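Participant: This is the structure I have questions about; it appears just below.
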Amino acid sequence: MSQTLDQLAKCLGATVHGDGTQVVNGCAAINRAKPGDITFLANRKYSRFLETTEATAVLISDDEPCPEGITRLVCTDPYFAFRNAMVELHGYREHPTPIGSDDQHVSEVATIHHTASIGEGTRIHPNVTIEQGASIGTGCHVYPGVYIGKDASVGKDCILYPNVTIYDRCELGNRVIIHGNSVIGQDGFGFATHEGAHHKIPQDGNVVIEDDVEIGGGCAIERATMGSTRIGAGTKFADLISIGHGTTIGSHCLLVSLVGIAGSVDVGNYVVLGGQTGVTGHISIGDGVQALAQTGIVGDIEPGSVIGGAPAIDADMAKRNALAAMHLSELAKRVKKLERRLAKDAGDG
């Protein structure tokens, strides 16, 4: 999907500074781009690569210095413009036609209960199982090995990648994407310990995933004991994330890989949790909170806080503590040396 820089700039709302007749046919990182690629600069720590990049052009903000001779597409948000350039030049993944489907939509080796409802244009691949009373909206893609339980509902234009499991009565909104091997609505981790044994508590709730949510590979979202575990609209998960029963995640949150959130947590909107962040149960995290990687959150967090460390404290203090901890062995040696000197001085006295 080649375009001239003039054509691409018009699509992106950018201004060309240089030869707009040059043709680009792909996108690449600034340090790996070749002629024919367009790249971007959104983080100044990569500005050193402007001197050596082979890219045909660079998406860049107007206030960013740039060496002479580089064709620039000036825009207000280079990273978002690069995203749009990826759409223009590469497009999204094309979904294959299901194997063994006469009508190019439903595979003959899918197992679909006669009471299930499948929307127009939805593609069902081999070895999919759709149980009694389940419903799937229009324009969805359901890849091989997907299981959709009894009375579960999936909205329109959703993508369920291979081996996704949607348990009974769970609800997915529109344009939800769930990547391979993720599980939605398994039993919550609920047990009552009595006389030395752990007795299972029935998990009678469900999971509700709102519109435009994307769930990475290998994630697990537990159903609520009562009511719903809820993932808010526009929220995005990376891979290997675990959400406990009865937890509510707000809208437009970002959770990086290996985040674990226990049950009955209330997470606000636009919250960002770095990789390997752990959250204890029955607490509240306010809107706009940002947590550094490996943060341990054990209590309520005020809206807008930037935190780090375990247990979580202000991020700047957490960074200083981490830097200090890098020299603990040296500090311990100095303390022992001082202790020996003090003991010697006391003996001489």
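The values are calculated or read from the model by the stated rules, or taken from the named source; none is laboratory data. Predicted, not measured: the structure shown is a model, and the values here were computed from it. Cβ placement follows ideal geometry from the backbone for every residue including glycine, while neighbour counts extend to all protein chains displayed.
Participant: Which of the residues spanning the stretch 210-235 are basic (Lys, Arg) and touching a Cys at 6+ places or on another chain (Cβ under 9 Å)? Steps first, answer last, please.
Facilitator: Within the stretch 210-235, the first condition is being basic (Lys, Arg), and the residues that meet it are 223, 230.
Passing the criteria: only ARG223.
Participant: While we're on this one: What are the pairs, 6+ residues apart or on separate chains, where a residue within the stretch 45-70 that is of a type in the set (Val, Ile, Thr) has its Cβ under 9 Å from a residue that is loosely packed, with under 11 Cβ neighbours inside 10 Å?
Facilitator: THR56/PRO35
Participant: Here's something else I'd like to know. Is it the case that LEU73 is assigned to a helix (DSSP H, G or I) and either outside the structural domain of GLN7 (by TED's automatic domain parsing) or more than 25 Å from the chain's Cα centre (by Cα) (or both)?
Facilitator: On the way: assigned to a helix (DSSP H, G or I): no; either outside the structural domain of GLN7 (by TED's automatic domain parsing) or more than 25 Å from the chain's Cα centre (by Cα) (or both): yes.
The answer is no for LEU73.
Participant: Follow-up. Restricting the stretch 190-217 to residues that are surrounded by fewer than 16 Cβ atoms within 10 Å (Cβ to Cβ) and assigned to a loop (DSSP other than H, G, I, E, B), which is farthest from the chain's Cα centre (by Cα)?
Facilitator: Out of the qualifying residues, it is GLU195.
Participant: Of all residues in the stretch 87-107 being among the β-branched types (Val, Ile, Thr) and not in a loop (DSSP other than H, G, I, E, B), which is modelled with the highest pLDDT? Spell out the reasoning first.
Facilitator: Within the stretch 87-107, the first condition is being among the β-branched types (Val, Ile, Thr), and the residues that meet it are 87, 97, 99, 106.
So of that shortlist, the ones also not in a loop (DSSP other than H, G, I, E, B) come out as 87, 106.
Working: VAL87: 97, VAL106: 94.
The qualifying residue modelled with the highest pLDDT is VAL87.
Participant: Of the residues GLY286, GLY260, GLY274, GLY268, which is modelled with pLDDT of 95 or more, in the same structural domain as GLY227 (by TED's automatic domain parsing), under 16 Å from LYS236 (Cα atoms) and touching an Asp or Glu at 6+ places or on another chain (Cβ under 6 Å)?
Facilitator: Working: GLY286 fails: under 16 Å from LYS236 (Cα atoms); GLY260 fails: touching an Asp or Glu at 6+ places or on another chain (Cβ under 6 Å); GLY274 fails: touching an Asp or Glu at 6+ places or on another chain (Cβ under 6 Å).
Selected residue: GLY268, the only one of GLY286, GLY260, GLY274, GLY268 that is modelled with pLDDT of 95 or more, in the same structural domain as GLY227 (by TED's automatic domain parsing), under 16 Å from LYS236 (Cα atoms) and touching an Asp or Glu at 6+ places or on another chain (Cβ under 6 Å).
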